[in-house]
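Asker: My questions will all concern the structure given below.
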Amino acid sequence: MAQLRFVDPEMRRSKTLPARIALTAFVLSTLATIASAATPAAPKTPEAIRQFVTTNCYDCHQGAASEGGLDFEQLSFDLTDHAVQDRWVRIFDRVESDEMPPTEFGETDADEKTKFLTATRLHIRNQQQAQQQQRGRVQARRLSRLQVERSLQDLLGIDIPLTDYLPEESRQFGFTTVADGQSMSHFQLDAHLKTVDTALDEALRRALSPADVYERDFDAQGVARTNPKRRCREPEMREGKAVIWSSGLIYYGRIPATTARADGWYHFEVTVSGLKLPKTGGVWSTVRTGLCVSTAPLLQDVTTFEAMDEPQTVSFDAWLPKGHMLEIRPGDDSLKKGRFAGGQVGVGEGEPQNLAGIAFDRITMEQIHQNGDDEHVRQLLFGDLEVSPDKDKRKPYRVVTKTPREDVARLMLAFANRAYRRPTTADEIAPYVAGVQAAIDNGDDFVASLRMGYRALLCSPRFLYFSESPGPLDDHAIATRLSYLLTGSTPDDQLRQLADAGRLHDQKTLKAEAARLLEGEQGRRFIHDFAAEWLDLDQINFTTPDRKLYPGFDPIVQQSMLEETETFLDEMLRDNLSVARLIDADFTYLNSRLARFYKIDGIEGDQLRRVKLSPASHRGGLITQGAILKVTANGTNTSPVLRGVWMLERILGETVPPPPTSVPAVEPDIRGATTIREQLAKHRSQGDCASCHAKIDPPGFALENFDAAGQWRDNYVTMAGTKKKVGPVIDASYEMADGSEFKDIRGFQSLVVNKPRKLAGGFAEQLLVYGTGAPIEFVDRDAVEAIVDESAAENYGMRSIIQAVVASPVFLSK
């Protein structure tokens, strides 16, 4: 904008009111003139678009009474305005899919429609391409809290949890990795600094202290309470074994012998058997950790197992902060619960109540490290410098250096290359190195000075943010993007070497690296990380099903549900199964407890095993698994709208616009006076609602036979006082947006699996959003279609789609 200059010096100096009024008027007039000259006229709507709209749309979308709030007389074609651009994308989609104009208004001229779609597509694509060329698809994107944790763990060789030091993150388009949802505040920076300090302190402790050696072997007497006369919540001795009975008492089953002497990972082997087994099988039990006192009520889930007549050894690893211990107890809520006076249990009080229980023979406990030993940490921190024992008890080890100034410069440069995920020059980190060298020159300790340098590097934007420039990514940016997509962490040595050699632009090499990073446990970890946000599995604790309505649901069932879904997805990835299996499959993974909850007979044992499903089970595919059904319900009742939106956006590859603000949400009638179908029928009668609900309601109603806990039901059930009330028979039939009809979940599945391209495109889009940090735009659709085309040769296999995604131009560009 031009600089304003006041021509009349007297006016500028004047203090009188008239002069100030005149000055104000002069300024406003000048600003208006400049703004008018600087602001270009709104772009005209292209003729092909205007003609189609005039002929086919004005009857309903013109003037103040326009349907859906869409008035084409007022709608601009200024595609630089993102809100306007989004509106035209939605218009294009509805015209292309024949949703608009409505068929009852007659056929549209085919040639006119083609010209409209061609012109609209061209203008939107050109605008978005120009935006991406200038700024890239994704704006400045930082590491998520999980990625910060993993990166620090791998850079320093440590294994302590770090996400709790960082604030919770919002989600955009379902993911914490999307740049538009990532904030950066003083609070965020302070939390990051504390996290870095914690990580460095742990690394230096490991490197400069004697190795953590802690091994304990407790027999039954060592597991049991130390004073048999005292009423407490610890195991009691019975026939040579330490016993815990079924009870609802909190912390009953705490084992003080397992109290951690220091923060750390511990490996446990628990030899245990079941007592007075129920008719349903063994005694299903939970393992949790915590302080196990009333002032610290929260417990962390570790694992579950089924105790049988014969002793078995259960092995697991658990993170225990100092002072925390194990709590191991019968956890099956369907078991009879013991009653104990005063909130404590005396020896012999459980036996007469005929309760199921578990009996411990032995527990072994060993402190471990999950990300390399202490020598690995020393190498990452000090390279080839010697670390030797010292007589100073306060500093048991010292780092030997004859040239400290040169050594810190060399070590910091090597560390920066790994932390910044690309080659770094000495000049780029010279200010950091100079600060460390100055501290050494002033007589500061070598290790303390080096720690200061590492701290500065890890607090740099170059560590915290992805280094990407608009346009195609360079090899190191590709290595970084691929690694964080599939491992959630910084590139490993092999990826860095390939990037240094400039080989990651070769599609064959890139796909081979993707396959390598998805092998074995790494593939399972990718499934865990991705599904946690893609499928909302990390929200499974957000609600707890009503125990009165769903008495069979308990923590063991919930944990088994999560394992079912992750193991199912792991097989899809490992065997490259078609994404159609997300909708329907003839197998799943069950243990005896989850099978009992699903009312599937013949499954024994606490290990998940592959089970072939019969039609009578009503199960098949990801969408009928308990974890999915639970996270798409609120704990008390179900909503076809919530489940329908979730299905469209997460599985079926559809985008659902937000509802009009003037239309109230549809809530299930918990009294059972009206069914949700009746309520939605009334809701859809409002003009603004029908078009969206034509897509939302079919998948939602298809799942309506599954309750909020994930069990099959034939009728709605509500609570009438303290008793269950059986309501109307559930009608899961519906008509799809294209007019095809289905009667139940089986009919819905058969319709959807016949369109695997749509499922493949939806899965590819989810991966691209998660991996690039930006939503899919109109201009990206051709790239998604190319991914789908490539995976078609492998029947739209999950691994094939992932490999096609990482080789696509959308993934390989900022």
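The values are calculated or read from the model by the stated rules, or taken from the named source; none is laboratory data. Predicted, not measured: the structure shown is a model, and the values here were computed from it. Here the Cβ positions follow ideal geometry from the backbone for every residue, glycine too, while neighbour counts run over all protein chains shown.
Asker: Checking the conditions here, which among A807, A793, A760 is within 27 Å of D586 (Cβ to Cβ) and either in contact (Cβ under 8 Å) with a residue 24 or more places away in the chain or among the hydroxyl-bearing types (S, T, Y) (or both)? Break it down stepwise before answering.
Answerer: Working: A807 fails: within 27 Å of D586 (Cβ to Cβ); A793 fails: either in contact (Cβ under 8 Å) with a residue 24 or more places away in the chain or among the hydroxyl-bearing types (S, T, Y) (or both).
After ruling out the rest, the residue left standing is A760.
Asker: Also: Looking only at region 707-756, filter to residues that are on the phi > 0 side of the Ramachandran plot and surrounded by fewer than 18 Cβ atoms within 10 Å (Cβ to Cβ); which one of those is modelled with the lowest pLDDT?
Answerer: G721
Asker: Let me ask something else about it. Return yes when D575 is crowded, with 19+ Cβ neighbours inside 10 Å and either within 25 Å of the chain's Cα centre (by Cα) or of a type in the set (D, E) (or both) and no when it is not. Steps first, please.
Answerer: Values: crowded, with 19+ Cβ neighbours inside 10 Å: no; either within 25 Å of the chain's Cα centre (by Cα) or of a type in the set (D, E) (or both): yes.
Against the criterion (crowded, with 19+ Cβ neighbours inside 10 Å and either within 25 Å of the chain's Cα centre (by Cα) or of a type in the set (D, E) (or both)), D575 does not qualify.
Asker: For Q607, work out the one condition from (1) surrounded by fewer than 17 Cβ atoms within 10 Å (Cβ to Cβ); (2) in a loop (DSSP other than H, G, I, E, B); (3) modelled with pLDDT under 95 it doesn't fulfil.
Answerer: With respect to (1) surrounded by fewer than 17 Cβ atoms within 10 Å (Cβ to Cβ); (2) in a loop (DSSP other than H, G, I, E, B); (3) modelled with pLDDT under 95, Q607 is out only on (3).
Asker: Can you pull out every residue in region 532-570 that is surrounded by fewer than 21 Cβ atoms within 10 Å (Cβ to Cβ) and among the small types (G, A, S)?
Answerer: Across region 532-570, the qualifying residues are A532, G552.
Asker: I'm checking my understanding of the structure. Among residues of region 160-176 that are under 26 Å from A203 (Cβ atoms) and crowded, with 17+ Cβ neighbours inside 10 Å, which one is farthest from the chain's Cα centre (by Cα)? Walk me through how you get there before you give the answer.
Answerer: Taking region 160-176 as the starting set, the residues that turn out to be under 26 Å from A203 (Cβ atoms) are 160-169, 176.
Among the residues that remain, those that are also crowded, with 17+ Cβ neighbours inside 10 Å are: 160, 162, 165-166, 169, 176.
On the way: I160: 20, L162: 17, Y165: 18, L166: 16, E169: 11, T176: 7 Å.
My answer is I160.
Asker: Moving on to the next point. In this structure, does F382 turn out to be closer than 19 Å to K241 by Cβ and at pLDDT 95 or above? Steps first, please.
Answerer: Numbers: closer than 19 Å to K241 by Cβ: no; at pLDDT 95 or above: yes.
Against the criterion (closer than 19 Å to K241 by Cβ and at pLDDT 95 or above), F382 does not qualify.
Asker: Identify, from the list A341, A356, A409, the residue that is of a type in the set (A, V, I, L, M) and over 30 Å from I556 (Cα atoms). Can you show your working first?
Answerer: Values: A341 fails: over 30 Å from I556 (Cα atoms); A356 fails: over 30 Å from I556 (Cα atoms).
A409 is the lone residue from the list that is of a type in the set (A, V, I, L, M) and over 30 Å from I556 (Cα atoms).
Asker: Of all residues being exposed (fewer than 11 other Cβ atoms within 10 Å of the Cβ) and part of a loop (DSSP other than H, G, I, E, B) in region 45-73, which is modelled with the lowest pLDDT? Just the residue, please.
Answerer: A65
Asker: As an exercise: evaluate V805 against (1) closer than 22 Å to V656 by Cβ; (2) crowded, with 19+ Cβ neighbours inside 10 Å; (3) of a type in the set (A, V, I, L, M, F, W, C) and give the number of the one condition it does not meet.
Answerer: For V805, the failing item is (1).
Asker: So, in region 578-604, of the ones that are among the charged types (D, E, K, R) and surrounded by fewer than 21 Cβ atoms within 10 Å (Cβ to Cβ), which residue ends up nearest to the chain's Cα centre (by Cα)?
Answerer: Of the residues in region 578-604, the ones among the charged types (D, E, K, R) are 581, 584, 586, 593, 596, 599, 601, 604.
Add one more test, that the residue is surrounded by fewer than 21 Cβ atoms within 10 Å (Cβ to Cβ), and what stays is 584, 586, 596, 599, 601, 604.
Details: D584: 23, D586: 27, R596: 29, K599: 30, D601: 33, E604: 32 Å.
Among residues in region 578-604 that are among the charged types (D, E, K, R) and surrounded by fewer than 21 Cβ atoms within 10 Å (Cβ to Cβ), the one nearest to the chain's Cα centre (by Cα) is D584.
Asker: Only one residue in R238, R233, R206, R225 is charged (D, E, K, R) and in contact with a Lys or Arg (Cβ under 7 Å, 6 or more places away or on another chain), so which one is that? Even if it seems obvious, please write down each step before you answer.
Answerer: Working: R238 fails: in contact with a Lys or Arg (Cβ under 7 Å, 6 or more places away or on another chain); R206 fails: in contact with a Lys or Arg (Cβ under 7 Å, 6 or more places away or on another chain); R225 fails: in contact with a Lys or Arg (Cβ under 7 Å, 6 or more places away or on another chain).
Only one candidate passes the filter, namely R233.
Asker: To continue, here is another question. What single numbered condition from (1) in contact with a strand residue (DSSP E or B) (Cβ under 8 Å, 6 or more places away or on another chain); (2) crowded, with 21+ Cβ neighbours inside 10 Å; (3) aliphatic (A, V, I, L, M) fails to hold for L385?
Answerer: Of everything listed in (1) in contact with a strand residue (DSSP E or B) (Cβ under 8 Å, 6 or more places away or on another chain); (2) crowded, with 21+ Cβ neighbours inside 10 Å; (3) aliphatic (A, V, I, L, M), L385 misses just condition (2).
Asker: Turning to a different aspect of this structure: In region 228-257, what residues are of a type in the set (G, A, S) and in a strand (DSSP E or B)? Please lay out each step first, then the result.
Answerer: Narrowing region 228-257 to residues of a type in the set (G, A, S): 240, 242, 246-248, 253, 257.
Those that are of a type in the set (G, A, S) and in a strand (DSSP E or B): A242, S247.
Asker: Might you check whether a residue that is more than 21 Å from R216 (Cβ to Cβ), β-branched (V, I, T) and crowded, with 17+ Cβ neighbours inside 10 Å occurs anywhere in region 259-278?
Answerer: Taking every residue of region 259-278 in turn, none turns out to be more than 21 Å from R216 (Cβ to Cβ), β-branched (V, I, T) and crowded, with 17+ Cβ neighbours inside 10 Å.
Asker: Looking at region 400-413, can you tell me whether even one residue there is of a type in the set (A, V, I, L, M, F, W, C) and either more than 14 Å from G453 (Cβ to Cβ) or at pLDDT below 95 (or both)? Can you show your working first?
Answerer: First, pick out the residues of region 400-413 that are of a type in the set (A, V, I, L, M, F, W, C): 400, 408-409, 411-413.
Pick out the ones that are also either more than 14 Å from G453 (Cβ to Cβ) or at pLDDT below 95 (or both) and you get 400.
Yes, because at least one residue in region 400-413 is of a type in the set (A, V, I, L, M, F, W, C) and either more than 14 Å from G453 (Cβ to Cβ) or at pLDDT below 95 (or both).
Asker: Here is a follow-up. Quick check on this structure: which one of V213, V196 is closer than 30 Å to V447 by Cα and in contact with a strand residue (DSSP E or B) (Cβ under 9 Å, 6 or more places away or on another chain)? Before the answer, list the steps.
Answerer: Values: V196 fails: in contact with a strand residue (DSSP E or B) (Cβ under 9 Å, 6 or more places away or on another chain).
V213 is the lone residue from the list that is closer than 30 Å to V447 by Cα and in contact with a strand residue (DSSP E or B) (Cβ under 9 Å, 6 or more places away or on another chain).
Asker: Of all helices (runs of 4 or more DSSP H) completely enclosed by region 468-551, which ones contain at least 3 residues that are among the hydroxyl-bearing types (S, T, Y), more than 13 Å from the chain's Cα centre (by Cα) and within 26 Å of P775 (Cα to Cα)? Show your work before the answer.
Answerer: Details: elements: 475-486, 493-500, 507-517, 520-534.
Result: 475-486.
Asker: OK, next. For region 576-623, name all the residues that are without any contact (Cβ under 8 Å) to a residue 24 or more places away in the chain and of a type in the set (K, R). Don't jump to the end; show me each part of the working.
Answerer: Filtering region 576-623 for residues without any contact (Cβ under 8 Å) to a residue 24 or more places away in the chain gives 595, 600-603, 607, 609, 614, 616-617.
Correct list: R609 only.
Asker: Follow-up. If A211 passes every condition in (1) in a strand (DSSP E or B); (2) closer than 20 Å to I368 by Cβ; (3) over 33 Å from the mean Cα position of the chain (by Cα) but one, which one does it miss?
Answerer: Evaluating A211 over (1) in a strand (DSSP E or B); (2) closer than 20 Å to I368 by Cβ; (3) over 33 Å from the mean Cα position of the chain (by Cα) leaves (1) as the failure.
Asker: Q749 passes all but one of (1) within 30 Å of T480 (Cα to Cα); (2) among the polar types (S, T, N, Q); (3) in a helix (DSSP H, G or I); which number fails?
Answerer: (1)
Asker: Next up: Are any of the residues in region 79-89 of a type in the set (D, E, K, R) and in contact with a helix residue (DSSP H, G or I) (Cβ under 8 Å, 6 or more places away or on another chain)? Steps first, answer last, please.
Answerer: So in region 79-89, the residues of a type in the set (D, E, K, R) come out as 81, 86-87.
Those left that are additionally in contact with a helix residue (DSSP H, G or I) (Cβ under 8 Å, 6 or more places away or on another chain): none.
No: zero hits.
Asker: Now a separate question. May I ask you to list pairs of residues, at least six apart or on different chains, whose Cβ atoms are under 6 Å apart, with the first in region 292-303 being assigned by TED's automatic domain parsing to the domain that holds K322 and loosely packed, with under 11 Cβ neighbours inside 10 Å and the second being assigned to a strand (DSSP E or B) and modelled with pLDDT of 95 or more?
Answerer: Close Cβ pairs (under 6 Å, with a partner that is assigned to a strand (DSSP E or B) and modelled with pLDDT of 95 or more) do not exist here.
Asker: Scan region 523-574 for residues that are touching a residue at least 40 places away in the same chain (Cβ under 8 Å), over 26 Å from L335 (Cβ atoms) and of a type in the set (D, E, K, R) and report the count.
Answerer: 7
Asker: Give region 591-626 a look and list any residue that's small (G, A, S) and either outside the structural domain of I556 (by TED's automatic domain parsing) or under 24 Å from V283 (Cβ atoms) (or both), or say none. If you could, list the steps in order and put the result at the bottom.
Answerer: From region 591-626, those small (G, A, S) are 592, 595, 602, 605, 614, 616-617, 620-621, 626; that's our starting set.
Once the filter is applied, which keeps residues that are small (G, A, S) and either outside the structural domain of I556 (by TED's automatic domain parsing) or under 24 Å from V283 (Cβ atoms) (or both), region 591-626 yields S592, A595, G602, G605, G626.
Asker: Can you name every residue in region 752-782 that is under 24 Å from the mean Cα position of the chain (by Cα), assigned to a helix (DSSP H, G or I) and acidic (D, E)?
Answerer: E765, D780, listed by residue number.
Asker: Right, another one. Determine, yes or no, whether R643 is basic (K, R), closer than 28 Å to R781 by Cβ, part of a helix (DSSP H, G or I) and out of contact with any His (no Cβ under 7 Å at 6 or more places or on another chain).
Answerer: Working: basic (K, R): yes; closer than 28 Å to R781 by Cβ: yes; part of a helix (DSSP H, G or I): yes; out of contact with any His (no Cβ under 7 Å at 6 or more places or on another chain): yes.
Answer is yes for this residue.
Asker: Hey, could you check region 610-628 for residues that are in contact with an Asp or Glu (Cβ under 8 Å, 6 or more places away or on another chain) and of a type in the set (A, V, I, L, M) and say which is surrounded by the fewest Cβ atoms within 10 Å (Cβ to Cβ)? Can you show your working first?
Answerer: Initially, region 610-628 is screened for residues in contact with an Asp or Glu (Cβ under 8 Å, 6 or more places away or on another chain), giving 610, 612-613, 620-621, 625-627.
Add one more test, that the residue is of a type in the set (A, V, I, L, M), and what stays is 613, 627.
Details: L613: 19, A627: 24.
Going through the qualifying residues, I end up with L613.
Asker: Evaluate the following for T565: is it among the polar types (S, T, N, Q) and within 24 Å of T636 (Cβ to Cβ)?
Answerer: On the way: among the polar types (S, T, N, Q): yes; within 24 Å of T636 (Cβ to Cβ): yes.
So T565 passes the test.
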